[in-house]
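The next block holds one structure in the form of structure tokens; read it before the comments.
Computed from the coordinates by the stated procedures, all read-outs in this text should not be read as laboratory data. Since this is a predicted model, take the numbers as computed values, not measurements. For neighbour counting, all protein chains shown are included, and Cβ atoms are generated from backbone atoms with ideal geometry for every residue, glycine included.
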Amino acid sequence: MFLKLLDSIFRPQVAYAHCDIPCGIYETNTLLMAAHTIERMVEVMEAIPMDKPSLKDRNNFIRCVHVKEKHAALCEEQLVTLWADFFKPEHFEKWPDLHQKVWKAVNLCSDNKTEVSAQKAKELMAACREIDSIFKEAKKEPAEDISGAVSDNPSAPMKKLLGK
């Protein structure tokens, strides 16, 4: 009720913005490390005795599940960021199966959240390596000019203000 009253007094304005900044900072190290972590957690989980697990074994299994799922989510986030923010129409023209490759990798992230499968973990790692390879080739293309960015040149804003 109070918020409606405030809205009637101070008419809210529509804001057109999004959180993405064209910083040009994209990488695949996080993606690959997450996929590798999933592989390793599956290895550890498969080595835990299931016939009569000790309390320590059960605890380690639960911790591995947590880490595996956390890294599967991280891997998925990294893939979606590359797909939505880095790859441009010209990349999809050059690699016509790129959509399919990313879609497959994202779905493998989901599979690795819900399963304990060395095969699925290996498939995810292979898919991520393939996308990494495409990313590295695409990254060689001329990059967006961000030479005036503060991270690239800390004195650029001051020079721009002073007309230098």
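Sequence-ordered 3J(HN,Hα) estimates for segment 49-57 from the Karplus curve with 6.51, -1.76 and 1.60 and θ = phi - 60° stand at x, 9, 5, 9, x, 6, 4, 5, 4 Hz, glycine and proline given as x. Local charge for Ala47 was computed over the other residues whose Cβ lies under 12 Å away, with Lys and Arg +1 and Asp and Glu -1, and equals -2. Rounded to whole numbers, the Karplus 3J(HN,Hα) couplings from phi for segment 66-76 are 4, 5, 4, 5, 4, 6, 5, 5, 5, 4, 4 Hz, using 6.51 cos²θ - 1.76 cosθ + 1.60 with θ = phi - 60°, and x at Gly and Pro.
In terms of its Cα atoms, segment 26-139 spans 55, 21, 18 Å along the principal axes, sorted from long to short. Phi-derived couplings, Karplus 6.51 cos²θ - 1.76 cosθ + 1.60 at θ = phi - 60°, listed residue by residue for segment 108-118: 5, 4, 4, 4, 6, 6, 9, 10, 10, 9, 4 Hz, with x used for Gly and Pro. A straight chain from Lys104 to Glu69 at 0.36 nm per residue would run longer than the Cα-Cα distance by 10.9 nm.
With the simple spin-label model, which puts each label point 7 Å out from Cα in the Cβ direction, the Glu130 to Ile62 separation comes to 3.8 nm. Treating r as the C-beta distance of Gln119 and Ile48 and R0 as 22 Å, the FRET efficiency rounds to 0.75. In this label model, Glu77 and Lys94 are separated by 2.8 nm, measuring between points 7 Å along each Cα→Cβ vector.
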